[in-house]
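The values are calculated or read from the model by the stated rules, or taken from the named source; none is laboratory data. Because the structure is predicted, anything quoted here is derived from the model rather than measured. Heads up, the Cβs are rebuilt from the backbone with ideal geometry, glycines too, and the neighbour counts pull from every protein chain shown. The accessibility values were calculated without ligands, DNA or RNA, using every heavy atom of the protein model including side chains. Shrake-Rupley method; radii C 1.70, N 1.55, O 1.52, S 1.80 Å.
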Amino acid sequence: ASFLLLCFRSPLATPLIFGLLLQAPLTQLSTITQPNFVLLLADDLGIGDVGCYGNDTIRTPNIDRLAKEGVKLTQHIAAAPLCTPSRAAFLTGRYPLRSGMDAINDYRVIFWNAGSGGLPPNETTFAKILQQQGYSTGLIGKWHQGVNCESRNDHCHHPLKHGFDYFYGMPFTLISDCQPTETPEMDRAFRRKLWLSTQMIGLITLTAVLGRLTGLISVRWKTLTCLAGFSLLFFISWFSSYGFVRYWNCIMMRNHGITEQPMVTDRTTSLVLQESLSFIERNKHKPFLLFLSFLHSHTPLLTTEKFLGRSRHGLYGDNVEEMDWMVGQVLDAIDKEGLKDTTLVYFASDHGGWLERQEGERQLGGWNGIYKGGKAMGGWEGGIRVPGIFRWPGVLPAGTVIDEPTSLMDIYPTVVQLAGGAVPQDRVIDGRDLLPLLRGTVAHSEHEFLFHYCGVHLHAVRWHQKDTGAVWKAHYVTPIFSPPRAGACYDRGFCPCFGEGVTHHEPPLLFELTQDPSEAKPRSADTEPLFDTVIRKIGRAIEEHRRTLTPVPEQLSVSNVVWKPWLQPCCGTFPFCWCDKEGDN
């Protein structure tokens, strides 16, 4: 008692107590009903591209402000290293193979707006549950989860069928084909083979005709006619799709209607931002969910003139800095409408940066900091460890950093429960409610194991040993880098999931990520006393996990990803699909 009395008599006591009294306490959740949600998801952004994650040359002051005013996650993990499966997991809170949204072949994403695969109608997104809870729900930007199933206008995979009241953006994804001045990107190697095959067939046909005319070979004209017809049909069969990628895939939609076909890339950024701000303004008097799914920073890196040449990292850096500015505009709109204290803002990327994306000496993909690997690599940290930032003033403690394994799938139960909804009980939900961890009421993430898939192939497993704080990671399959030790598959453009391009490890490669986050020094039975114990523990977890998997239709099978003309969204009379309703307005 005398010690306490002495403390209060100290000249330092008065300002200390006064400061504690002035510090804003965290709001009790019971006093907040149905907060707004603004979910900001970047495309192909590397964790090393953001200032608050260690980049000191690309300027991201607005994303950094989010981290300063909220909670930064340093071990935030995507459920897949590519767009379509990662976003499916984000929307459903489930590993993508549970919904058939991960690949059994080399076609690992939705390839065409006119494919029949996509997020199945029986999947329940967080948007659908929030819609049922009375929320206004909007998706602005990229979808990449499919459009139609059986007819051009059934829209079975469309955002409006998955809980969004309003959609403006690309049903597909940005690709370099959308920019007429850029080198085509989509299925580039396959297209080269098709061109070569066409030229060879044409050359054979021409040689045969010349031989017949000169009498050097004896071939019936009927045979030559059939050969010429086959050459023409072969050319039409592939050029009708690949020859018009910009018209078939690079379109903009508002709800079910097409507004631009092909999209006018010069105004895409301003329209996406304008739509986002308008959605906030229209819905400020009722609870809303805005999912702003950026087209940045995916190639062809659409960047307005205002930001060109501003960064020290070429066009990619310019594009990231423009996206950061867009984040700032959204945050300013939230502040302007007086919604800051009632809005949970979340920022992340769908997966790691694309290391192999280069044109000549230009690096057009992102940087993953100290982490090995990148986009398309299901096991290495660089492909799946992404930025993860939450801000909710008065509810989440500002300036907090959490180094616990978390997942993009965790957004699902977190927003559903905050909105007063219930997580579905008729299916496995792999995400975990993050709110107790974000508020600091628990010390550890609920995730003990996270499973890292490349397509449907399990490449690695993470085990969080909570009693010691260790994070073990066992790699069962890794891609073969080319050139060796290059850290990526530069000869292929993407690292594969299976086949000759991967190495199977028995015993698996084992890393302890808290001491070796770069995965540079694998442990072995000779160097790690716990090696056998850890591998056995992870092995049992894999067995339990596989017992929860059930067969589902493969949405990314070859038959589902191929271009089907009868499913092609078209704003005219097919095949004459062209419109510019934004320009008309």
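List of remarks:
- When residue 346 is tested against the conditions (1) surrounded by fewer than 18 Cβ atoms within 10 Å (Cβ to Cβ); (2) touching a residue at least 24 places away in the same chain (Cβ under 8 Å), the lone failure is (1).
- In the stretch 215-232, the residue that is modelled with the lowest pLDDT out of those that are open to solvent by less than 60 Å² (accessible area, probe 1.4 Å) and hydrophobic (A, V, I, L, M, F, W, C) is 219.
- Residues being farther than 12 Å from residue 102 by Cα and part of a loop (DSSP other than H, G, I, E, B) - total across the stretch 541-562: 5
- Evaluation of residue 42 against (1) under 20 Å from the mean Cα position of the chain (by Cα); (2) open to solvent by 10 Å² or more (accessible area, probe 1.4 Å); (3) under 29 Å from residue 400 (Cβ atoms) (one fails), failing number: (2)
- Odd one out for residue 92 among (1) more than 21 Å from residue 351 (Cβ to Cβ); (2) in contact (Cβ under 8 Å) with a residue 40 or more places away in the chain; (3) of a type in the set (S, T, N, Q): (1)
- Being open to solvent by less than 10 Å² (accessible area, probe 1.4 Å), assigned by the TED database to the domain that holds residue 43 and in a loop (DSSP other than H, G, I, E, B) is a property that residue 134 lacks.
- Scanning the stretch 365-405 for residues that are open to solvent by 10 Å² or more (accessible area, probe 1.4 Å) and of a type in the set (A, V, I, L, M) yields 370, 398, 401, 402.
- Selection within the stretch 563-585 - touching a strand residue (DSSP E or B) at 6+ places or on another chain (Cβ under 9 Å) and either assigned to a helix (DSSP H, G or I) or among the charged types (D, E, K, R) (or both): 580, 581, 582, 583
- Count - residues of the stretch 149-176 that are open to solvent by 20 Å² or more (accessible area, probe 1.4 Å) and under 21 Å from the mean Cα position of the chain (by Cα): 3
- For first residues located in the stretch 42-62 and over 14 Å from residue 347 (Cβ atoms), partners that are small (Gly, Ala, Ser) and not in a loop (DSSP other than H, G, I, E, B) and lie 6+ apart or on another chain with Cβ distances below 6 Å form the pairs 55/48; 58/317.
- Restricting the stretch 538-562 to residues that are surrounded by 11 or more Cβ atoms within 10 Å (Cβ to Cβ), touching a strand residue (DSSP E or B) at 6+ places or on another chain (Cβ under 9 Å) and not β-branched (Val, Ile, Thr), the residue that is nearest to residue 120 (Cα to Cα) is 545.
- If you go through the stretch 34-93 and keep only what is in a strand (DSSP E or B) and among the charged types (D, E, K, R), you end up with just 72.
- Within this structure, residue 268 passes the test of being open to solvent by less than 40 Å² (accessible area, probe 1.4 Å), in contact (Cβ under 8 Å) with a residue 12 or more places away in the chain, assigned by the TED database to the domain that holds residue 573 and in a helix (DSSP H, G or I).
- Scan of the stretch 236-264 for residues that are farther than 13 Å from residue 141 by Cα and polar (S, T, N, Q), ordered by number: 237, 240, 241, 249, 259, 261
- Residue match in the stretch 103-111 (condition: in a loop (DSSP other than H, G, I, E, B), at pLDDT below 95 and of a type in the set (Asp, Glu)): yes
- From 285, 256, residue being open to solvent by 50 Å² or more (accessible area, probe 1.4 Å), in contact (Cβ under 8 Å) with a residue 12 or more places away in the chain and either hydroxyl-bearing (Ser, Thr, Tyr) or farther than 18 Å from residue 332 by Cβ (or both): 256
- In this structure, residue 97 does not qualify as over 15 Å from the mean Cα position of the chain (by Cα), surrounded by 24 or more Cβ atoms within 10 Å (Cβ to Cβ) and closer than 24 Å to residue 37 by Cβ.
- When residues in the stretch 183-214 are screened for being in contact (Cβ under 8 Å) with a residue 12 or more places away in the chain and loosely packed, with under 11 Cβ neighbours inside 10 Å, 1 of them pass.
- In the stretch 309-323 there is at least one residue that is farther than 25 Å from residue 127 by Cβ, open to solvent by 40 Å² or more (accessible area, probe 1.4 Å) and aliphatic (A, V, I, L, M).
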